[in-house]
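Accompanying notes for the structure given below.
The values are calculated or read from the model by the stated rules, or taken from the named source; none is laboratory data. These figures come from a predicted structure and were not determined experimentally. Positions of Cβ are backbone-derived with ideal geometry, glycine not excepted, and every protein chain shown enters the neighbour counts.
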Amino acid sequence: MSKAIQAVRGMNDLLPEVVERWQRIEAGARDVLHAYGYREIRLPILEKSELFARSIGSQTDIVEKEMYSFEDRHGENLTLRPEGTAGCVRAGIENGFLHNQIQRLWYAGPMFRHERPQKGRYRQFHQIGVEAFGIESADLDAELIFMCVRLWRALGFDGLTLQLNSLGTLECRAAYRRELVHYLETQRGKLDEDSLRRLDRNPLRILDSKNPAMQEIIAAAPDLFEHLDDASRAHFERLGDYLRQAGVAFTVNPRLVRGLDYYTRTVFEWTTDRLGAQSAVGAGGRYDGLVEQLGGRPTPAAGFAIGLERLAELLALQGGSHQGVRPHGYLVLLGEEAERQGLSLAERLRDAGLRIECNGGGGGLKTQLKRADRSGARHALLLGEDEVRNASITIKDLRDGAQRSIAQNELIDFLLGSNLKNKEDKATADERRR
Ligand code: HAM
């Protein structure tokens, strides 16, 4: 046997049990997004590399170290998107739907970063991202946070913490950066290797260092908050008011700087203490300068993205009895004639809105019943020689083993009656029968 090929490191297969958990998050998110008037946009996974250098920032870790970039056959430099905001803004400018308009958009899909894989940190991961354009006031920032709160509630997550900061305008951040570098230079001898590397290129990220040895230096660093311009300060206070009014708890974290350069004013991050080191389950903020920076007309904007791997892990930790989608019945087919009739019987049942898994590939009664059990169906529907002759079907309840025989033309009503406790299923079935 030749050696089996394995998946690329940091890129995971999602097996059906896991996918069911993801679908629950996706469905919850979709409900919330629709409740706030957001519309889906689908964007390419590959973009020109320059897009990310110009938006995320050429001196960020993502652009410097983590991008999957390559030259295509024509020598064009392309990158697998490491995030979705840049592509969404690019699409907005290119398709002309940003200027003088309010747009509320969302997208979902894989993102790629060549980070060191560990639990909760992958090289291919998935986000649901939300971007809103054309609203400068803090009510938008609040709306984005309310959406997250509503999603956490729908998924039964409690104990998530909201951290909030303001980075001010690009100008006041530049002034702060100068002062910070000046201070850090005086501490040069005590800086760790990572911070020394960041000192020239991206000093604000030093504030984000998790190294305990750096905490004292960071604590004594000048405060970005004190450098905020009046309008940014007012914006931040207004957001705080909105959140307090809605009873949304938050912590102001003046060291929250984020790893992408496009942010202005509000930045926020949702964290949990249940996932170890990779504690951020979602993050975002305002990026009022980005549209212009990428060649569009000045347009205020803000958004966030949630990480599906981390949320699915939280959902798994939470346990619960979510079953995913199970068939209503498993059709057991015994004998040639039953096999011949079985496929069309299954089609008729599906026409009535039922989910039916039909035995394939033959097998004896015992084998087929085992498969029926594994399918998760409540009932095995047995079609054998006798049943074919009498136009009947034997129904075996797979929970208690009880067995009964009914006429085939009563089967749909039986299955609808006993299986469709779920309101949504019932509505779909009624719709189809009409
Ligand atoms: P981000 O903080 O880089 O922001 O990513 C958002 C979320 O994606 C994180 O909070 C985390 O849950 C998840 N995530 C990031 N990297 C990984 C990874 N390597 N493995 C697993 N999950 C990961 C952005 O991407 C911005 N585009 C968010 C945004 C949208 N800001 C404004 N609009």
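Quick one: would you say Ala249 is surrounded by fewer than 19 Cβ atoms within 10 Å (Cβ to Cβ) and part of a loop (DSSP other than H, G, I, E, B)? Don't jump to the end; show me each part of the working.
Details: surrounded by fewer than 19 Cβ atoms within 10 Å (Cβ to Cβ): yes; part of a loop (DSSP other than H, G, I, E, B): yes.
When the stated conditions are applied, Ala249 passes them.
Return a yes/no flag: does the stretch 71-79 have any residue that is surrounded by 14 or more Cβ atoms within 10 Å (Cβ to Cβ) and on the phi > 0 side of the Ramachandran plot.
No, that holds for no residue.
Output the residues belonging to the stretch 290-320 that are surrounded by 21 or more Cβ atoms within 10 Å (Cβ to Cβ) and under 23 Å from Asn165 (Cβ atoms).
Leu290, Val291, Thr299, Ala301, Ala302, Gly303, Phe304, Ala305, Ile306, Gly307, Arg310, Leu311
Which members of the stretch 117-138 meet the condition of being of a type in the set (Gly, Ala, Ser), more than 8 Å from the ligand (Cβ to nearest atom) and part of a strand (DSSP E or B)?
Once the filter is applied, which keeps residues that are of a type in the set (Gly, Ala, Ser), more than 8 Å from the ligand (Cβ to nearest atom) and part of a strand (DSSP E or B), the stretch 117-138 yields only Ala132.
Mind checking whether some residue in the stretch 162-169 is within 10 Å of the ligand (Cβ to nearest atom) and either buried (at least 18 other Cβ atoms within 10 Å of the Cβ) or not hydrophobic (A, V, I, L, M, F, W, C) (or both)?
no
With Ala249, Ala234 as the choices, which residue is without any contact (Cβ under 8 Å) to a residue 60 or more places away in the chain and aliphatic (A, V, I, L, M)?
Working: Ala249 fails: without any contact (Cβ under 8 Å) to a residue 60 or more places away in the chain.
That would be Ala234, the only listed residue that is without any contact (Cβ under 8 Å) to a residue 60 or more places away in the chain and aliphatic (A, V, I, L, M).
Which residue is farthest from Glu26 (Cα to Cα), if the candidates are limited to the stretch 152-188 and must be out of contact with any helix residue (DSSP H, G or I) (no Cβ under 8 Å at 6 or more places or on another chain) and not in a helix (DSSP H, G or I)?
Gln163
Of (1) in contact with a strand residue (DSSP E or B) (Cβ under 8 Å, 6 or more places away or on another chain); (2) in the same structural domain as Asn95 (by TED's automatic domain parsing); (3) of a type outside the set (S, T, N, Q); (4) away from the ligand (no atom under 12 Å from the Cβ), Gly282 satisfies all except one. Which?
Single failed check for Gly282: (4).
Any residue in the stretch 276-301 that's free of Cβ contacts under 8 Å to residues at least 12 places away in the same chain: show its pairings with residues that are assigned to a helix (DSSP H, G or I) and more than 9 Å from the ligand (Cβ to nearest atom) at Cβ separation under 9 Å, as long as the two are six or more apart or on different chains.
Taking only residues 6 or more apart or on different chains, the pairs are Pro298/Val291; Pro298/Glu292.
In the set Met1, Met67, which member is among the aliphatic types (A, V, I, L, M) and surrounded by 14 or more Cβ atoms within 10 Å (Cβ to Cβ)? Full working, then the answer.
Numbers: Met1 fails: surrounded by 14 or more Cβ atoms within 10 Å (Cβ to Cβ).
Only one candidate qualifies: Met67.
Given (1) farther than 17 Å from Phe133 by Cα; (2) outside any strand (DSSP E or B), identify the lone condition not met by Thr299.
In the conditions (1) farther than 17 Å from Phe133 by Cα; (2) outside any strand (DSSP E or B), Thr299 misses (1) alone.
Gly240: on the phi > 0 side of the Ramachandran plot, out of contact with any Leu (no Cβ under 6 Å at 6 or more places or on another chain) and at pLDDT 90 or above, yes or no?
The answer is no for Gly240.
If the requirement is being at pLDDT 95 or above and either among the aliphatic types (A, V, I, L, M) or under 30 Å from His99 (Cα atoms) (or both), which of these qualifies: Arg286, Arg258? Walk me through how you get there before you give the answer.
Details: Arg258 fails: at pLDDT 95 or above.
Matching residue, one of Arg286, Arg258: Arg286.
Kindly evaluate Val149 against the criterion of being more than 30 Å from Ser195 (Cα to Cα), in contact with a Phe, Trp or Tyr (Cβ under 8 Å, 6 or more places away or on another chain) and crowded, with 17+ Cβ neighbours inside 10 Å.
No, not satisfied.
Tally time: how many residues in the stretch 297-343 are of a type outside the set (Val, Ile, Thr) and away from the ligand (no atom under 16 Å from the Cβ)?
26
What do you reckon, is Ala175 of a type in the set (A, V, I, L, M, F, W, C) and free of Cβ contacts under 8 Å to residues at least 12 places away in the same chain?
Details: of a type in the set (A, V, I, L, M, F, W, C): yes; free of Cβ contacts under 8 Å to residues at least 12 places away in the same chain: no.
When the stated conditions are applied, Ala175 does not pass them.
Any residue that is surrounded by 15 or more Cβ atoms within 10 Å (Cβ to Cβ) and in contact with a Ser or Thr (Cβ under 7 Å, 6 or more places away or on another chain) - is there at least one of those in the stretch 197-208?
yes
Going by the conditions given, is Glu76 within 16 Å of the ligand (Cβ to nearest atom), in contact with a Lys or Arg (Cβ under 9 Å, 6 or more places away or on another chain) and modelled with pLDDT of 95 or more? Steps first, answer last, please.
On the way: within 16 Å of the ligand (Cβ to nearest atom): no; in contact with a Lys or Arg (Cβ under 9 Å, 6 or more places away or on another chain): yes; modelled with pLDDT of 95 or more: yes.
No; evaluated as a whole, the condition is false for this residue.
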